[in-house]
């Protein structure tokens, strides 16, 4: 499974990177995030537990996952490796590319799927990726853009 969410943000790369990498602040600026907890802090990252709602009309489906997080300020990238939750093993990359006064942001999620015999590929590629991962990542990217523009 591979999902890609991209957006040109009308703000400079340093400002966008600060908002994208300051995950503990996300619940204050992203209404679909229930909580973000830094479980273990390290230089340039740590282990972070996150929970977000995936809306379905009037209903909000709660999701959660725990990730190792690495922040590379020089390259303006943030990487995650999901280590707990349904999406365990998923790799996530946030890349920021300055474009004058704007910033191009790309979020890539890659995953081989859950360890469920027979339905792993279908679950990952037809439900979890396009419905949940893209549904949450697209809202996250839009909210980050809103907060810095």
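Key figures for this structure:
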read-out: Top-ranked residue of the range 74-124 - restricted to ones that are loosely packed, with under 15 Cβ neighbours inside 10 Å and at positive phi, ranked as modelled with the lowest pLDDT; value: 118
read-out: Residue check for residue 16: touching a strand residue (DSSP E or B) at 6+ places or on another chain (Cβ under 6 Å), assigned to a strand (DSSP E or B), at pLDDT 95 or above and more than 13 Å from residue 136 (Cα to Cα); value: no
read-out: Test: residue in the range 44-53 that is over 28 Å from residue 98 (Cα atoms), at pLDDT below 95 and surrounded by 14 or more Cβ atoms within 10 Å (Cβ to Cβ); value: yes
read-out: The one condition in (1) closer than 22 Å to residue 147 by Cβ; (2) touching a strand residue (DSSP E or B) at 6+ places or on another chain (Cβ under 7 Å); (3) surrounded by 13 or more Cβ atoms within 10 Å (Cβ to Cβ) that residue 35 fails to fulfil; value: (3)
read-out: Looking only at the range 1-13, and only at residues there that are in a strand (DSSP E or B) and touching a helix residue (DSSP H, G or I) at 6+ places or on another chain (Cβ under 7 Å), the one that is farthest from residue 119 (Cα to Cα); value: 9
read-out: Cross-chain or 6+ apart pairs with Cβ under 8 Å, the range 33-45 first and under 15 Å from residue 20 (Cα atoms), then part of a loop (DSSP other than H, G, I, E, B); value: 44/73
read-out: Any strands (runs of 3 or more DSSP E) falling wholly within the range 74-149 and containing at least 3 residues that are in contact with a helix residue (DSSP H, G or I) (Cβ under 7 Å, 6 or more places away or on another chain) and in contact (Cβ under 8 Å) with a residue 60 or more places away in the chain; value: 91-99, 102-110
read-out: Subset of the range 100-129 [over 16 Å from residue 67 (Cα atoms) and in contact with a strand residue (DSSP E or B) (Cβ under 7 Å, 6 or more places away or on another chain)]; value: 102, 103, 104, 105, 106, 129
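The values are calculated or read from the model by the stated rules, or taken from the named source; none is laboratory data. All values reported here derive from a predicted model rather than from experimental measurement. Cβ: placed from backbone, ideal geometry, glycine included. Neighbour counts: every protein chain shown.
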